[in-house]
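Asker: Here you go, one structure.
The values are calculated or read from the model by the stated rules, or taken from the named source; none is laboratory data. The structure displayed is predicted, hence computed values, not measured ones. Cβ atoms come from the backbone with ideal geometry, glycine included; neighbour counts cover every protein chain shown. Surface areas here come from the heavy atoms of the whole protein model, side chains and all, with no ligands, DNA or RNA. Shrake-Rupley method; radii C 1.70, N 1.55, O 1.52, S 1.80 Å.
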Amino acid sequence: MELFLGIYFFIFGLLIGSFLNVVILRLPLKKDLIHKRSGCPHCGTQLKWFHNLPVLSFIFLRGKCAFCGEKISLRYPVVEMLTGLVAFWLAPSEISTYQLIQFFFYFSVASIFICHFMIDLDHHLLLDNLNLILLIIVLSYAIYFLSLSYWVTGGMLGFCLPLLVTWLFYKLRGQIGLGGGDIKLYGILGIFLGPMGIIFTIFMSCLVGSIWGLTMIALNKMTKDRPMAFGPAILVVAAFQIFFPSYALIVQSWFF
Ligand SMILES: [Zn+2]
């Protein structure tokens, strides 16, 4: 029964993953998400429904467009597969209201994280509309399941601390360190992770971001006029804390 449910949720995740690809591609360009059928990014030909099956179509078409033969990026099936696996992993063991709410919460957070991650890599943007949806989901969860002092202090710290650091950095160096999207994301994450958790997120993401940045500089992959996207560092650290809380607490205890 559990495996059967898992497969059901896996297929659901694949379909949502297919939609996330559309969001990642179109949302930053302010294009319509629902009404227009997907087209090949190279030749623009509208795809038939059987070219649009998550992961399967990519395998059948051997990674090439059915019309022009151009290569289709591997990221499409990767995003679909990842979303499917996340849904499988989070799938409830029985259908109850409580378990479904938990599934919906964690799965929506994961979906927004995937979109944020890819869009920030592509465009160096954490979009306001995605942050707003995340805020609504996290806030509703917090109001229902978390204590008021926990989520209010977490949210305030998550928003004010990075804002203060950015302001100081700007005053001292005349440079803007963190983008507005990063600061808003920290604030939203603080609501869920609480005061200690969000301090750990800020600390760890700066560490991960610096290591990543220095590696890119060493490999000559980054130039001064094209700085790295910082969002992925925040998202990777926060995902670790949200989805593997017991491991995150162990790592947290090494530092605090
Ligand atoms: Zn094509």
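Asker: Loop-only trypsin sites (Lys or Arg not before Pro) in segment 1-103, please: DSSP not H, G, I, E or B, and at most 13 other Cβ atoms within 10 Å.
Answerer: Within segment 1-103, the qualifying trypsin sites (Lys or Arg not before Pro) (loop, at most 13 other Cβ atoms within 10 Å) are LYS30, LYS31, LYS36, ARG37, LYS48, ARG62.
Asker: For HIS123, HIS35, HIS116, HIS51, give the ranking by accessible area with the largest first, probe 1.4 Å.
Answerer: On the way: HIS123 75, HIS35 155, HIS116 0, HIS51 30 Å².
Of HIS123, HIS35, HIS116, HIS51, the descending order of accessible area is HIS35, HIS123, HIS51, HIS116.
Asker: Here's another thing I want to ask about it. For segment 177-225, which trypsin sites (Lys or Arg not before Pro) pass both filters: DSSP loop (anything but H, G, I, E, B) and at most 14 other C-beta atoms within 10 Å?
Answerer: Here the trypsin sites (Lys or Arg not before Pro) that fit, given the DSSP loop and packing criteria, are LYS221, LYS224.
Asker: Counting only protein heavy atoms and a 1.4 Å probe, tell me what percentage of the chain's accessible area is made up of carbon and sulfur.
Answerer: On the way: 10870 of 15240 Å².
That share works out to 71 percent.
Asker: Using a 1.4 angstrom probe, figure out how much accessible area the chain has per residue, in square angstrom, rounded to the nearest whole. Could the numbers behind the result be given before it?
Answerer: Numbers: 15240 Å² over 256 residues.
So the chain comes to 60 Å² accessible per residue, rounded to a whole number.
Asker: Could you give me the ³J(HN,Hα) list for segment 129-137, computed from phi with Karplus coefficients 6.51, -1.76, 1.60 and θ = phi - 60°, whole Hz, x at Gly and Pro?
Answerer: Using θ = phi - 60°, the values come out as 5, 6, 4, 5, 5, 4, 4, 4, 5 Hz.
Asker: Could you tell me the center-to-center distance, by alpha carbons, between segment 182-234 and segment 11-50 in angstrom?
Answerer: Segment 182-234 and segment 11-50 have Cα centres spaced 29 Å from each other.
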